[in-house]
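Working notes, structure below.
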Amino acid sequence: MSQAEQKKIVQYLNEAHSAEQGLARTLQAQIAMTPGGRHRNGLEAHLERTRSHARKLRTRVQELDGSGNPLQFGIGLLQSVVGQALALSQAPFELVRGSGGEEKVLKNAKDACASEALEIATYTAIERLARSVGDSETAALAVGIREDEQKMFDRLLAEIPKLTDAVVESEIHDKPSYEVTETGAADALRSAGETVKENARRVQTSAKRTARGARKVPGVAQLEGELKGAVASEEDLALSDYDQLSAAEISERLAGVSQIDLAKIDAYERRHEGRTTILSRITSLRSEEPWPGYDELTVSEIRATLAGGNGAEDDDLTKRVRAYERSHKDRIGVLSATEHDSVSHA
């Protein structure tokens, strides 16, 4: 292979590797909200195959370019760490949000079908590219993974009628079959030896703390928002009834949204309408928080932080907080604290 041919192969393999990591995170969340049985068993098996695919892709990239793309895999590792926290924190909320559990599982299955179709197309393209440049090993790898994806797609498609029947029984005939206590999340909670309710609270709190800790690393908050937005539905967004709002209405409400949610809405909007007015407004609001993790704090926590410092450095921090608040959430409690803090240092 020429250098240009090898570079293109590596590019496609890196893209597929990132897609497999993203699918693994999605499967984790879906398993956590799916009751035990054939469908969840299939999802768990597919999660293991997905992780195996990611390992094989990385190995092949390393064989082709010596060590793989450090930046690409570094980003992938960060995404994996953040993604695991997201999957854990998302599941308890998903178990009680929106329509009945049967409908949530059906929606997840339909989304999974779309993901599988995309992966089948991806590996078809990789095989074609590899054969055209004489890379038989990469072509064989693509064929093997594509066959796995096709089997999963066929299995998911066969589950759709059954899952739809469950929705009909639950939503129309008032005969629910979905049991929160039989989901993967509940299984994990029971294994800790606590009641489902108590453990759901503890896991949820722990995951939120983990995510908050990760967000204190500059750039992670935006990455988290982009990851969430890549798979978000309308009800996952910070603005209620998003799809029913006009571009002007959305733009007007964006100032009160956190940096994570701005990134999420940006990703969602680009996947759907791609309205320039909204995207431009998001760009104008995307800025560094006064300190990493600021958007996760309450008014009281921010006031306590401001009250605990003194000196010129803290005056600068106060000014950053005031400027950020005025252009974003504009909370009176925070603004009054910055005014008082500024006077006290004068």
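For every residue, the table says whether it meets (1) surrounded by 19 or more Cβ atoms within 10 Å (Cβ to Cβ); (2) in contact with a Leu (Cβ under 8 Å, 6 or more places away or on another chain); (3) more than 26 Å from K104 (Cβ to Cβ); (4) modelled with pLDDT of 85 or more.
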| site | (1), (2), (3), (4) |
| --- | --- |
| D241 | no, no, no, yes |
| Q244 | no, no, no, yes |
| A247 | no, no, yes, yes |
| G256 | no, no, yes, no |
| Q259 | yes, no, yes, no |
| Y268 | yes, yes, no, yes |
| S287 | no, no, yes, no |
| E301 | no, no, yes, no |
Segment 1-19: number of residues that are within 23 Å of the chain's Cα centre (by Cα) and closer than 12 Å to R60 by Cβ: 5
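Check segment 29-51 and report whether any residue there is at pLDDT below 50 and closer than 30 Å to A139 by Cβ.
no
The values are calculated or read from the model by the stated rules, or taken from the named source; none is laboratory data. Quantities reported herein were computed from a predicted structural model and do not represent experimental measurements. Note that each Cβ is placed from the backbone with ideal geometry, even for glycine, and that neighbours are counted across all protein chains shown.
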